[in-house]
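Right, I'll just put the structure down here and ask away after.
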Amino acid sequence: MEMKARKQALRNQVLVRRQALSEQERCERSARAVQFLMQFDELAACKTVMVFYPFRDEIDTRPFLAFAQKRGQEVWLPYTDMKNKRIIPYVYTGEDCLKLGSYGICEPDIARCAPADVAKLDAVVLPGVAFDRRGGRMGYGAGYYDRFLAGLPAAPLLIGLSFDVQVVDEVPTEPHDFRVPYIATESGISATFPPQFERS
C-alpha cells in the first residue's frame, strides 16, 4: 500500500476511535491530559508557547491557555493562511481575540492580535490524529505544522497532545515529517525513543 493510502487508512481508524469516546469520557480524559501538561517542568520553563485551539473532538486546550497566561507565559495560537498554505502564529490575549476561521476552527482575528516573533518561540504543543512511541506524528494531511516547523530558525520544544486512543504502534512517516520528543495524554507525559527534535 502506498504511503498516502497507509496514512489515510490509519487516520480514518484513529479518528473513529476518538469519535467513539463519550462526551463524559472526553471531558474527563481531556482534563487529566491538560493537568499533566500544566505540571510538565520543561514546558513550565518556556517563556513562549504555541498551542492549538480545540476543534470538534480534540482535547480541550482552553484550560491550559488560561493557566499558561496566568503563570506569565506568552501564549500563541496559529492562524491559517489558506492562500499560501501555511500557519502564522499570533499572540493570544483571550477568547475575545478569536474568530471562526479556516476549517471551522477558532483562530486569532489578525485585525486584533499582534503577530508573534517566531525567533522567540520556545515550545509548541502539537495536535495530531495519531502518534507513536518513537515520536512519529500524523496530522490531518495538509502538512501545515511540518512546513511551519521546517521554517523556524531554531528548534523549539515539541510536545504532542492527544488521547491514549490516538497512540498507535507505528505511524507511517516520510522524510519531511517531524517527530516529537514528548507525548502528553491522560496517562501522563512520556518521552519518545529516541528523544529527538529533528525530522525523521
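The values are calculated or read from the model by the stated rules, or taken from the named source; none is laboratory data. Quantities reported herein were computed from a predicted structural model and do not represent experimental measurements. Virtual Cβ from ideal backbone geometry, glycine too; neighbours counted across all protein chains shown. Quick note on the areas: whole protein, heavy atoms, side chains included, nothing else; ligands and nucleic acids left out. Shrake-Rupley method; radii C 1.70, N 1.55, O 1.52, S 1.80 Å.
This table checks each residue for (1) within 15 Å of ALA184 (Cα to Cα); (2) in contact with a Leu (Cβ under 6 Å, 6 or more places away or on another chain); (3) free of Cβ contacts under 8 Å to residues at least 60 places away in the same chain.
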| site | (1), (2), (3) |
| --- | --- |
| THR48 | no, yes, no |
| ARG56 | no, no, yes |
| ASP60 | yes, no, yes |
| ALA68 | no, no, yes |
| GLY72 | no, no, yes |
| VAL75 | no, yes, yes |
| TYR79 | no, no, yes |
| MET82 | no, no, yes |
| ILE88 | no, no, yes |
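When you scan segment 169-186, do you find a residue that is modelled with pLDDT of 95 or more, open to solvent by 30 Å² or more (accessible area, probe 1.4 Å) and touching a Ser or Thr at 6+ places or on another chain (Cβ under 6 Å), even just one?
no
Looking only at residues that are open to solvent by 10 Å² or more (accessible area, probe 1.4 Å) and over 11 Å from the mean Cα position of the chain (by Cα) in segment 128-143, which one is farthest from ASP57 (Cα to Cα)? Don't jump to the end; show me each part of the working.
Here is the first cut: in segment 128-143, the ones open to solvent by 10 Å² or more (accessible area, probe 1.4 Å) are 133-134, 137, 139-143.
Imposing the further condition that a residue be over 11 Å from the mean Cα position of the chain (by Cα) reduces the set to 133-134, 140-143.
Numbers: ARG133: 22, ARG134: 25, TYR140: 13, GLY141: 17, ALA142: 19, GLY143: 20 Å.
Looking at the filtered set, the residue picked out is ARG134.
Among (1) open to solvent by less than 10 Å² (accessible area, probe 1.4 Å); (2) of a type in the set (A, V, I, L, M, F, W, C); (3) closer than 18 Å to VAL16 by Cα, which single condition is VAL165 missing?
Of everything listed in (1) open to solvent by less than 10 Å² (accessible area, probe 1.4 Å); (2) of a type in the set (A, V, I, L, M, F, W, C); (3) closer than 18 Å to VAL16 by Cα, VAL165 misses just condition (1).
Also, I was wondering about something else. Sort out which residues of segment 129-153 are out of contact with any helix residue (DSSP H, G or I) (no Cβ under 7 Å at 6 or more places or on another chain), small (Gly, Ala, Ser) and modelled with pLDDT of 90 or more, and write them in order of number.
GLY135, GLY136, ALA150, GLY151
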